[in-house]
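Everything below concerns the one structure shown next.
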Amino acid sequence: MDTQSDTSFTQQLTSFPLILTEGGDDRLGLNEKTGVNKYFCKPDLQPELNFRGSCTCNIPSVLGYEAAERSYEMLKQGETTIDTLMS
């Protein structure tokens with residue numbers, strides 16, 4: 001058993017990927033034991049998995065994840081606003 005399995009999944013995730021589960025319906029909430037949502041997806045990059053373009057639930061694409069992470073960091077540092085990002 002690796003050492004990461006001794007810590008909870010919320011400790012393993014940085015605050016950025018965890019916020020990807022916020023603001024949606026209850027299907028996006030993560031199971032505390034497995035770290036996956038009701039679709040069995042994690043809110044982090046998993047490039048070895050296939051991206052299902054029109055599926056209700058998807059793992060983030062690399063491009064989308066990186067753009068969201070940049071936006072999150074800019075918001076956190078006070079370099080931009082939600083209104084600016086959304087315009």
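Each reported figure results from applying straightforward, stated rules to the coordinates on display, with no laboratory input. Only a predicted model underlies this, so the values are computations on that prediction, with no experimental measurement involved. In this analysis, Cβ positions are derived from the backbone assuming ideal geometry, glycine residues included, and neighbour counts consider all displayed protein chains.
How many nm separate the modelled label positions at residue 48 and residue 62, each set 7 Å beyond the Cα in the direction of the Cβ?
1.6 nm
Using DSSP to define loop residues, name the chymotrypsin sites (Phe, Trp or Tyr not before Pro) in segment 27-87 whose beta-carbon has at most 10 other beta-carbon atoms within 10 Å. Before the final figure, lay out each step's value.
On the way: sites: 39, 40, 51, 65, 72; in loops: 39, 40, 51.
Passing both the DSSP loop test and the Cβ count: 40.
Which aspartates and glutamates, on any chain, are close to residue 33 with Cα under 12 Å apart, when same-chain ones fewer than 8 places away are left out?
6
Report the trypsin sites (Lys or Arg not before Pro) located in segment 24-79 that are in a DSSP loop and have at most 13 other Cβ atoms inside 10 Å of their Cβ, or state none.
Numbers: sites: 27, 33, 38, 52, 70, 76; in loops: 33, 38, 52.
Counting only loop positions with at most 13 other Cβ atoms within 10 Å, the trypsin sites (Lys or Arg not before Pro) in segment 24-79 are 33, 38, 52.
Name the GluC sites (Glu not before Pro) in segment 17-72 that are in a loop by DSSP and that have at most 15 other C-beta atoms within 10 Å, would you? Walk me through the numbers on the way to the answer.
Values: sites: 22, 32, 48, 66, 69; in loops: 22, 32, 48.
Passing sites in segment 17-72 are 22, 32, 48.
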